[in-house]
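Report on the following structure.
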Amino acid sequence: MLFDYMAIAVFVFFSTAIAVTAILLGGLFGPRRKSEVKSEPYESGMIPIGPGTRRMPVRFYLVAVLFILFDIEVVFFLPWAVSFRKLGLFGLIEMFIFIGILLVGYFYAWKKGALEWE
Amino acid sequence: MTTPVKLLDFITILPVIFLAAWACLLLLVDLWVKHKRVTAYLAALGLAIGLGLLWYQAAWIGNAGFNHMVVLDGFSVFVNALLLLSGLLGIALAYGYLRRMGIERGEFYPLVLFSLSGMMLMAQAADLIVVFLSLEFLSIPLYVLTAFAYPKAASEEAGLKYFLLGAFAGGFVVYGIALVYGAAATTALDGIIAAVAEGRANLSLLVSGAALILVGLGFKVAIVPFHMWTPDAYQGAPSAVTAFMSSAAKLAGFAALVRIFALAFSSLSDDLIPILWGLSALTMLVGNLLAIPQTNIKRMLAYSSIAHAGYILMAFTAFGNPGVAEVSIAAVLFYLAAYTVTNYGAWGVVILLERAGDLGLEIGGYAGLGRKYPALAACMTIFMLSLIGLPPTLGLVGKFYLFRAVIAADLIPLAVIGVLTSLISAWYYLRVVVNMYMRTGDPEISPEPWALTITGLMAILTVLVSLLPGWLFFLASQARLNLF
Amino acid sequence: MLFSEAMSTGFFNLAPLVVLFPGIGLLFNMVFGGRLPEKVVGWVASLAVGAAFVISILLAVSLSAIHGHAEIVSVTEWMSIGSLHLDWAFRVDTLSVAMMLMVSGVGTLIHIYAIGYMHEDVRFKGDPTRFQRFFVFMNLFIAMMMILVSGDNYLMLFVGWEGVGLCSFLLIGFWYDLDILGRPSLENAKAANKAFIANRIGDFGFLIASFLIFTYLGSLQFDLVFAEVEHVAQPVILTITLFMLLGVVGKSAQIPLFVWLPDAMAGPTPVSALIHAATMVTAGVYLVARSAPLYGTVPAAQEIVALIGAVTALFAATIAVAQYDIKRVLAYSTISQLGFMVAAVGMGAYAAGMFHLVMHAFFKALLFLSAGSVILGIERGYHAMSHGKKGHGFHHTDDEVFNPNDMRNMGGLKDRMPVTFWVYLAGTLALAGIPPFAGFWSKDEILLDASLHYPVVYWLLTAAAFMTAFYMGRQVWLVFFGKSRHEAAEKAEESPRIITAPLVILAGLSVLGGVLNLPHFHTLGHWLEYTLGELRISEFSWLMAGQATLIALFAIFLAWLLYGRREQAANEPDALKKLLGPAFVVFEHMYWIDEGYAAVFINRYKDLARFLAEVIDGRFWHDWLHDSVLAAGFGKLARFLADPVDLGLIDGIANGLADLTQWVASRLRRFQNGFVRSYALSVLLGVVLILGYLLFR
């Protein structure tokens, strides 16, 4: 049974071996010249300003959480749509209930002012 | 293999559906309700209707629903009735408390209802997936409730700790379920039984899965060493939430534990007995020992709650012994009922004495209560006696049944540990009594009618039912487990 | 036809009512009496007894309809223990019905009298609330007396016996906290105790007799007992009868237990009349008559009984001549007359004894009640006198020694209390045995019987009869004739009609009562024969009757010589005292019997009690055994257990455990450090341990 997974093992072995070989070769044969730019975490991109643990407005999190919440819930529509015919009327009602529950949350968030920026 | 959904399927979980729907509606209604006590009364109404539906539903005892994912049996009806009553008690205690503490927010009540519907589903779950689902369903509102006193740091911290550790423990449950599935190729309890009976199951894998599920549920009911969150969460959470949490969550957790282990894993009993033995002994010891140095009543009661989980687990240790299982399950149910009554009463007193800003929670602050409020002190004495297990209280009767089950299972050393730790427990419980009667002080209570009513009622019940415990034990022993 | 049928069958079932009616009366008065007027209370009580009297008459009529056969009316089974089977059963026979008639008849009259008497008495003593209590006790007494006379077995008889004893105690001590003038005093309570204790000795004898009867004759039910008598050895019967005699001398105040009766006069006068003259004290006579089959088999016992009765009769009569208290004279007279009856039943002259019992009930009740009327009259006079004196600034508390019962304070009441005088005279003549008054016929029969069979008894009784006539004559002259020797007597008033009416009826009975058992007819005698079997009835003898009459008349003449011919002055010594000298003093002090008993028995008893209390209980038991041995030993043991054992060992263990527990707890606490990571680690640790166990087990 485990033999079926042999291909994966071979794949893992070779990919690891190639990466290790490349780093080893580079280390062996490459020149070592240190500079300030080189020792930065990101060679290209934003130049870091201030401490890393900066405070962010909580609204970002709120919106993000709401987004993830609804986004993921919507994902459930996909399997339902695929097997819509098989599930029939029951599936339809079920989905309406599901949407109803989502709407409750939506109304709640809305009324609580979670969707307003200010 | 799978049958289409019928009306009967809905009837099997009718109170759960109703309660969840009622909670959704309440969440919306609350947006337009100005006086939050209306929400409280509506929530109580929902619970009352839930009880009515439970009564109605009882006619269908003996049915499984949704392809055996849930069952409706005497056990679930008993537990669900207790859960609904405990919800009512929790709301009654919270009614005045939340306003006094300045945290009267309408979400409290829907959250309680959501949590309760999860607990009730858990009591009916006949499939490990449903167990996990309902575990999360009951836990998430509890996390929120624990942090309900925001922006109080202690409450938020407690909520976060509870959430993180709950998620951590939830992971073990899922892992356990996966192992069980790997071993038996099913997550349905009856399927597991069949697999074991037919010899298809990988038993060592199954035992590992069962052990991990035990860890997850043990976390919920605060079994040592999965208990560490309990004191912090109980202390940080608003007292009304703690009262609800310590009673209802324990009920639901044990309901699931009993159902899964007594039915699906009863064949693993011989493998699991040493584990349960060790866990319950450890829980009784640690819970009682650590309660002693506590000076905060909430923390003390938290450890007491841990200790009581140990006693209940003790009676359940021999769950696989067919001669004992029935007695021990009845004893567990009786004790849960007894503990619910006593626990709510004790928390009622705590709530009456608590003042905003975490004041009035020191045990030393109970000094002089006996002189100033003799009736309240008498009630508290009754609860403390009941928690120790002294007559004339429910605690004694409950412990009697527990020990009877343990001794029937021939686990004498465990019983000895139980008795000894009960003795130790007298130390810290009686300290409250000593403080109330033998020290002078000037405690102040907030005379909230509902909390007072509940406290008095629980005290009366604690004594009265202990004098006539037969009917309750009869009900508990009639509450049979089944999968159909 | 129907009526006669009812008489022959139905009326017997009414027998329990003779107890029930007084019982209802007592319950009614007990519950409602406090809220009802005195009149209602009194009449309810009287009606209850009257109803019992009516029932008794019905029973008597029915009994004669079936020619006197005994009927037993069983109410319910009482007890059944081993071979002892007793019913709560009433025995309706000629003897019991005769007693019932007498008790309820005289009782009714005394109850009516008491309505008037107690009305004044409670006011004189200053506590009107006790009126109700009096009638409750009186009804209880009647009920108990009815149980006594109608019970079908010795145990029921004993219940009644004890019951009347209790009522006697309650009623003697009715004014337990007051003396005769209503001042605080415990004398009455002491008298009640004396009566009760003296009766206890008698009851002890009765109880032993009952035990013996049950042991040797196998039952307590009269018929069964009497049927067995023949099969039992004589000495046994003798023992039984002698123990029973102890009961008789207690209850009927015979030598040597008679001392309680004079003191019993502390009770209100109706009590003296009803309990201590007419009914209760005759219970002993009834007991002997009832047990006739037992006594009949042992002549020795009979002789002892007869002798005791005769000696008592004379002995008490001698004391009576030297008393000053009007009621005490009557009390000794009662003892003496009871002696006549006891002697009669002892001789086997049951008919004569019972006849005298009934007659005595009439005239002695009459005499007591009249004496009560006299006392009331004197009290009224005293009251009027002290009211009058108050106006002159005279404190009547100065003469505290005033005793309304003392005959030396009386005199000349004939004109002030005419009705009382005439009825008293009737009673006196009846008691003295002057024909044709009731007492003459009954006493004559006893004397006649004695003269034929027991000469010693005859002479004793004749002497007693002489004394009787003398002291009664003395009493009449001292009380009613001559001049008043005290202001109170001068102002005395006649009693109201409710008091005098019963007196007149009783006087009529005392005059005419003799018809019940006239010579040649012997109605009562033949009536009793149904129960007691063939009775010895002596034929009337003119010689004997004339002799007795002459003796009585001579005694009265003698009394006139001493007290009537010349008037007694107020402070003059008694005329008889001058004549007899020291003998009178002996009589006056009752032969110092009380003092003798005190010296011989009571003080020895008290010494013993003191010895037991102080030496045995106090010094030995408490001081030595209790304190020195037990308490000190226990203390030492306790100190040992407390100090080295408890404090050292037990506490050491307990404290050690506690310290250990606390130490463990403080160690464990360190894990609860508040960091989620350590909490999670704990969970993980648990998982690892569990899985490790599963892996390596």
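The values are calculated or read from the model by the stated rules, or taken from the named source; none is laboratory data. Predicted model, so just to flag it, every value in this text is computed and none were measured. Glycine also receives a Cβ, built like all others from the backbone with ideal geometry; neighbour counts cover every protein chain displayed.
Below is a table of values for the structure above.
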read-out	value
Residue list for region B:390-414, filter: under 21 Å from residue C:657 (Cα atoms) and free of Cβ contacts under 8 Å to residues at least 40 places away in the same chain	B:413
Conditions (1) loosely packed, with under 13 Cβ neighbours inside 10 Å; (2) under 30 Å from residue B:287 (Cβ atoms); (3) acidic (Asp, Glu): number failed by residue C:651	(1)
Boolean, residue B:59 is surrounded by fewer than 19 Cβ atoms within 10 Å (Cβ to Cβ) and within 14 Å of chain A (Cβ to nearest Cβ)	no
Odd one out for residue C:250 among (1) in contact with a Phe, Trp or Tyr (Cβ under 7 Å, 6 or more places away or on another chain); (2) of a type in the set (Gly, Ala, Ser); (3) modelled with pLDDT of 90 or more	(1)
Lone unmet requirement of (1) more than 14 Å from every other protein chain (Cβ to nearest Cβ); (2) in contact with a Phe, Trp or Tyr (Cβ under 9 Å, 6 or more places away or on another chain); (3) of a type outside the set (Val, Ile, Thr) for residue C:606	(2)
Residue among B:402, B:376 that is over 20 Å from residue B:456 (Cα atoms), modelled with pLDDT of 90 or more and part of a helix (DSSP H, G or I)	B:402
Which listed residue, of B:178, B:149, B:188, B:222, is on the phi > 0 side of the Ramachandran plot and either over 24 Å from the mean Cα position of the chain (by Cα) or touching a residue at least 40 places away in the same chain (Cβ under 8 Å) (or both)	B:222
Of all residues in region C:296-339 being among the hydroxyl-bearing types (Ser, Thr, Tyr) and surrounded by fewer than 24 Cβ atoms within 10 Å (Cβ to Cβ), the one that is nearest to residue C:361 (Cα to Cα)	C:318
Residue tally, condition in contact (Cβ under 8 Å) with a residue 12 or more places away in the chain and farther than 19 Å from residue C:325 by Cβ, over region C:581-618	1
Entirely in region C:434-532, the helices (runs of 4 or more DSSP H) that have 3 or more residues that are free of Cβ contacts under 8 Å to residues at least 60 places away in the same chain, among the small types (Gly, Ala, Ser) and surrounded by fewer than 23 Cβ atoms within 10 Å (Cβ to Cβ)	none
Helices (runs of 4 or more DSSP H) lying entirely in region B:154-260 (those with 2 or more residues that are within 13 Å of another protein chain (Cβ to nearest Cβ) and closer than 30 Å to residue B:361 by Cα)	B:203-221, B:229-236
Qualifying residue in region B:393-410 (condition: closer than 23 Å to residue C:658 by Cβ and surrounded by fewer than 23 Cβ atoms within 10 Å (Cβ to Cβ))	no
Residues satisfying the stated conditions in region C:121-149, i.e. over 20 Å from residue C:189 (Cβ atoms), out of contact with any Gly (no Cβ under 8 Å at 6 or more places or on another chain) and assigned to a helix (DSSP H, G or I)	C:123
Condition broken by residue C:535, with the remaining ones in (1) in contact with a helix residue (DSSP H, G or I) (Cβ under 9 Å, 6 or more places away or on another chain); (2) part of a helix (DSSP H, G or I) satisfied	(2)
Scope region B:412-425; condition touching a helix residue (DSSP H, G or I) at 6+ places or on another chain (Cβ under 7 Å) and modelled with pLDDT of 90 or more; matching residues	B:414, B:415, B:417, B:418, B:421, B:422, B:425
Qualifying residue in region C:624-646 (condition: among the acidic types (Asp, Glu), farther than 30 Å from residue B:424 by Cα and either away from chain B (no Cβ under 14 Å) or part of a helix (DSSP H, G or I) (or both))	yes
Number of the exception - residue B:457 against (1) over 20 Å from the mean Cα position of the chain (by Cα); (2) crowded, with 17+ Cβ neighbours inside 10 Å; (3) farther than 23 Å from residue B:289 by Cα	(1)
Looking only at region C:651-697, and only at residues there that are outside any helix (DSSP H, G or I) and within 10 Å of another protein chain (Cβ to nearest Cβ), the one that is farthest from residue B:232 (Cα to Cα)	C:697
Residue count for region B:3-25, restricted to those that are crowded, with 22+ Cβ neighbours inside 10 Å and facing chain A (nearest Cβ under 10 Å)	1
Residue match in region B:30-48 (condition: charged (D, E, K, R), within 14 Å of chain A (Cβ to nearest Cβ), in contact with a helix residue (DSSP H, G or I) (Cβ under 8 Å, 6 or more places away or on another chain) and assigned to a helix (DSSP H, G or I))	yes
Which listed residue is at pLDDT below 90, within 23 Å of residue C:370 (Cα to Cα) and hydrophobic (A, V, I, L, M, F, W, C), from C:124, C:131, C:135, C:141	C:124
Filtered residue count, region A:57-113, keeping only those that are exposed (fewer than 11 other Cβ atoms within 10 Å of the Cβ), of a type in the set (Lys, Arg) and away from every other protein chain (no Cβ under 14 Å)	1
Any hit, region C:84-93, residues being acidic (Asp, Glu), surrounded by 21 or more Cβ atoms within 10 Å (Cβ to Cβ) and outside any strand (DSSP E or B)	yes
Entirely in region C:200-283, the helices (runs of 4 or more DSSP H) that have 3 or more residues that are surrounded by fewer than 19 Cβ atoms within 10 Å (Cβ to Cβ) and in contact with a Pro (Cβ under 9 Å, 6 or more places away or on another chain)	none
Qualifying residue in region C:340-347 (condition: touching a helix residue (DSSP H, G or I) at 6+ places or on another chain (Cβ under 9 Å), surrounded by 24 or more Cβ atoms within 10 Å (Cβ to Cβ) and aromatic (Phe, Trp, Tyr))	yes
Scope region C:566-580; condition within 15 Å of residue C:323 (Cβ to Cβ) and either among the charged types (D, E, K, R) or in contact with an Asp or Glu (Cβ under 6 Å, 6 or more places away or on another chain) (or both); matching residues	C:574, C:577
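The rows are residues; the columns are (1) away from chain C (no Cβ under 13 Å); (2) surrounded by 21 or more Cβ atoms within 10 Å (Cβ to Cβ); (3) touching a residue at least 24 places away in the same chain (Cβ under 8 Å).
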residue: B:263; (1), (2), (3): yes, no, yes
residue: B:267; (1), (2), (3): yes, no, yes
residue: B:271; (1), (2), (3): no, no, yes
residue: B:279; (1), (2), (3): no, yes, yes
residue: B:283; (1), (2), (3): no, yes, yes
residue: B:287; (1), (2), (3): no, yes, yes
residue: B:306; (1), (2), (3): no, yes, yes
residue: B:311; (1), (2), (3): yes, yes, yes
residue: B:319; (1), (2), (3): yes, yes, yes
